[in-house]
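Below: one structure, written as structure tokens.
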Amino acid sequence: MYEDIEKHAAAFDNLRKTLASPDGDAGVMAIRKALEATATKIAETRGATEVDRDKLSKLYRGFHAASRVIAHLHERQSMLI
């Protein structure tokens, strides 16, 4: 389920450097696509119980929120340049 974001672990580990790098646009877009793809996989997962469904829903919303936060940080970084 998390394969897409695992590919970008290094970029996540040093997000500040990723945002500031000359090819930051491509890196940020790749991270955001990975987060959105993971959210989609979570949305397609069926929880067996109400608790499972609630947890999956929280994960889904969290991955979308993370994508928006990264977009916001990228936008702010672009304003500094």
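The values are calculated or read from the model by the stated rules, or taken from the named source; none is laboratory data. The structure displayed is predicted, hence computed values, not measured ones. Glycine also receives a Cβ, built like all others from the backbone with ideal geometry; neighbour counts cover every protein chain displayed.
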- Message: Could you list, ordered by first residue, the pairs with Cβ atoms under 9 Å in which the first is in the range 1-28 and within 21 Å of A39 (Cβ to Cβ) and the second is surrounded by 14 or more Cβ atoms within 10 Å (Cβ to Cβ) and acidic (D, E), at least 6 apart or interchain?
- Response: D4/E36
- Looking only at the range 7-52, which residues are assigned to a helix (DSSP H, G or I), modelled with pLDDT of 95 or more and over 16 Å from H64 (Cα atoms)? E50, V51, D52
- Could you please tell me which pairs satisfy a Cβ distance under 9 Å, a separation of 6+ or placement on different chains, a first residue in the range 43-57 that is touching a residue at least 12 places away in the same chain (Cβ under 8 Å) and closer than 18 Å to Y2 by Cα, and a second residue that is of a type in the set (A, V, I, L, M) and in a loop (DSSP other than H, G, I, E, B)? T45/M1
- Scan (1) in contact with a Leu (Cβ under 9 Å, 6 or more places away or on another chain); (2) assigned to a helix (DSSP H, G or I) for the single condition E75 breaks and write down its number. (1)
- Message: Being at pLDDT 95 or above and over 20 Å from H72 (Cβ atoms): is that true of K55 here?
- Response: yes
